[in-house]
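Input: a single structure, listed below in structure tokens.
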Amino acid sequence: MKNSKTIVKTLQILCVCVIAGVMFTSCGGLLNTKTYTVTFDSNGGTYVASAQVKSGATVSEPTPPTKSGYVFDGWYKNGSSTKFIFSTKITANTALVAHWKERVTLNILGYGVANNGEGQVFSRICNEFMEANPDVTISYELYYDDEYHTRVASRISNNNIPDIAYMGADERWGGAWKNSNQQIDNTPYFPSYIDANLVPNFYGTGVKPYLPLGGSNFCTVVGVNMQLLETIGCDEDDLTAALANYNDFKTLAQAFNTYKADHPNSGLIACLSTHGADTWVWGSCVLSALIPRTTGDPKWIEKAARGDRRFNSNEFEAALQVIDDWVDDGILDPNSVTTDDGTGKANFAAGKYLMYIDGQWGFGEANYADLADDIKLFAIPAIRGGTASLQNCMAAAWQVGYGITKKGTTNAAVLDAAKRWMAYFNSEEETIQRLRDGGISCPIIRNFTLPNDMDPLVAEKAKLSAYPDCYVIDAYLSGATNDALNAGVKDIVTGTKTPAQVAAAIQTAYNNQSIN
């Protein structure tokens, strides 16, 4: 009886198992979960096979397809505007479509060379931008100083216009672009974090044809090594007197030269120097601050450029005489005419010059490191005679920068790439670095706050705006006239020509340039 009951119970269990198995099989079963198809429409790209995915599982992201002239921009559900997330569980048949970005080439004419700071920063930014924006290829050229201006003229004459160019609003940096109708209003293309109100109304028309690197660019700045001032036995009162009176300036130079003679192993070179091998320095960073003082007119150079003043006049010759006096009075280093930018900065950083003339861009943390705490910035010291109200004037120019040209707006994809590059180049991070390097003094970023660890020279630059300003020579002079001026000042420093001879040569160059 017991065995019969056992047999019956066993049969019942077997029946239940059979019925369950039938039901399990008919429903697909836990081991036979329903599968779905995920299709990949490459949208004109290389073929991508579809995938079978069990319900509730995820699909593996396939190797991206390729398409000539385009960069793959991800998979999207058909009709969706957001990228498909491959961690999404599949619960139905799914159609994915490849999105593409047109690959564009952005043509930029940049400023700098491979072995100077401007060129190196430009190249770095372009490489980083392309890595972050794989749909954009940047084709660029880099030129520096006069070679840049020659290249601008050549490219414009050959109708080889870049999409973005380094430019300004004055004659030297903006004249060629403006005259070729390639300067357009860039305000609509400024990044949202730029304070457009801080960008000057260059032409008085509201047109802002480029995005400046920063605010005003102070060009005739004198850095003073305060530590060396003390070493030669002088103090801040002596410096203050030297900045205000030429005879006291001579006395300061004599103290320097006396200490140098008494300490032949000190390595000292001169009381005052600059990187005069870069010929443009003599006009932009030196003479620009002297002409207003001898002429009594901060706009004299503008008037001379249009023919209302003459270079062979006594008032202009007096400005050249100042430089001659500096050399004769033992103030200016005669060898500054052969000193390049790198050597000049290195000598000043090493304490070999008491004073160094440069644009504000040259005084930065990257150039002077530990010495930055001991550098104070001033206008060029007072000259003998001159107009009292302009004795400490400082030449300033509108800061240059990059602008999208008219040509750069003719293709929507190129314009989009150009706007992205402009935002990348002028980001807050890059702006802060330019402050540290000394490239700018006044950021144009909205609600900008100066970092606490900023180089002390940045605060020094903030004081420069208190000086009366005047015009920079090469904002109005260009070509043969400007070349004659810069070369002539070098001849005065070396003693090969007198101020009168140089003044006459500049006027002759101007007359010939006007005729041509």
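Could you work out how much longer the chain between Leu450 and Glu230 gets when fully extended? Use 0.36 nm per residue separation minus the Cα distance between them, nm to one decimal. Walk me through the numbers before you get to the answer.
Values: separation 220, 0.36 × 220 = 79.20 nm, distance 3.06 nm.
Between Leu450 and Glu230, full extension yields 76.1 nm more.
Between the range 156-188 and the range 209-265, what's the alpha-carbon centroid distance in Å?
With the range 156-188 and the range 209-265 each reduced to a Cα centre, they are spaced 38 Å.
Between Thr410 and Tyr140, how high is the FRET efficiency from 1/(1 + (r/R0)^6) when r is the Cβ-Cβ distance and R₀ = 22 Å? Nearest 0.05. Spell out each step's value before the answer.
On the way: r = 19 Å, r/R0 = 0.86.
It comes to 0.70.
Where the convex hull is taken over the Cα atoms of the range 69-181, what is its projected area averaged over directions, in nm²?
Numbers: hull surface 42.1 nm².
Over all viewing directions, the range 69-181 projects a mean Cα-hull area of 10.5 nm².
As a check on your grasp of the helix formula, calculate [θ] at 222 nm for the chain: sum -39500 (n - 2.57) over DSSP H runs of n ≥ 4, divide by the residue count, round to the nearest 500.
Details: 17 runs with 200 residues, N = 516.
The per-residue figure over the chain is -12000 deg cm²/dmol.
Across the range 31-102, how many lysine pairs separated by 8 or more positions, or lying on different chains, have Cα atoms within less than 14 Å? Before the final figure, lay out the partial values.
On the way: Lys34/Lys54; Lys34/Lys89; Lys54/Lys89; Lys67/Lys101; Lys77/Lys89; Lys83/Lys101.
Count of close lysine pairs: 6.
At Glu428 and Leu198, where each label point lies 7 Å from the Cα along Cα→Cβ, what is the point-to-point distance in nanometres?
Computed distance between label sites Glu428 and Leu198 equals 1.2 nm.
Looking at the chain, send over the antiparallel percent of its DSSP beta bridges, to the nearest 5.
Details: 29 of 50 bridges.
Beta bridges within the chain, antiparallel portion: roughly 60 percent.
Starting from the Cα gyration tensor of the chain, take the square roots of the eigenvalues, sort them a ≥ b ≥ c, and report rounded, prolate or oblate (rounded when a/c is under 1.5, otherwise prolate if a/b is larger than b/c, else oblate).
It comes out prolate by the Cα gyration axes.
Check cross-link reach from Lys461 to the lysines: straight Cα distance under 16 Å, and skip same-chain residues fewer than eight apart.
Partners within reach: Lys376.
May I ask for log10 I(q)/I(0) of the range 31-102 at q = 0.11, 0.25, 0.27 Å⁻¹, from a Debye sum over the Cα atoms as equal point scatterers with solvent left out?
The calculated log intensity ratios at q = 0.11, 0.25, 0.27 Å⁻¹ are -0.27, -1.15, -1.28.
Considering only Cα-Cα distances, which of the following residue pairs are longer than 29 Å: Lys250/Lys497; Lys178/Lys345; Lys303/Lys490; Lys208/Lys463?
Numbers: Lys250/Lys497 23 Å; Lys178/Lys345 35 Å; Lys303/Lys490 24 Å; Lys208/Lys463 26 Å.
Listed pairs above 29 Å: Lys178/Lys345.
Calculate the length of the line joining the C-alpha centroid of the range 292-342 to that of the range 372-446, in whole Å.
25 Å
Name all residues of the range 101-137 having a backbone nitrogen under 14 Å from the label point set 7 Å from the Cα of Asn160 along its Cα→Cβ direction, giving them as ranges.
107-110
Fully extended, how many nm does the chain gain between Asp328 and Ala153 (0.36 nm per residue separation, minus their Cα-Cα distance)?
On the way: separation 175, 0.36 × 175 = 63.00 nm, distance 4.02 nm.
Net length gain for the segment: 59.0 nm.
If a/c stays under 1.5 just call it rounded; otherwise compare a/b with b/c (prolate if a/b is bigger, oblate if not). Do that for the range 412-479, with a ≥ b ≥ c from the square roots of the Cα gyration tensor eigenvalues. Provide the component values of the computation, followed by the final result.
Values: a/c = 2.69, a/b = 1.19, b/c = 2.26.
Oblate, because a/c is 1.5 or more while a/b does not exceed b/c.
Read-outs throughout are calculated quantities, based only on the coordinates presented, and are distinct from any laboratory measurement. Given the structure is predicted, the values throughout are model-derived calculations rather than measurements. As a convention, Cβ positions derive from the backbone with ideal geometry for all residues, glycine included, and neighbour counts pool all protein chains shown.
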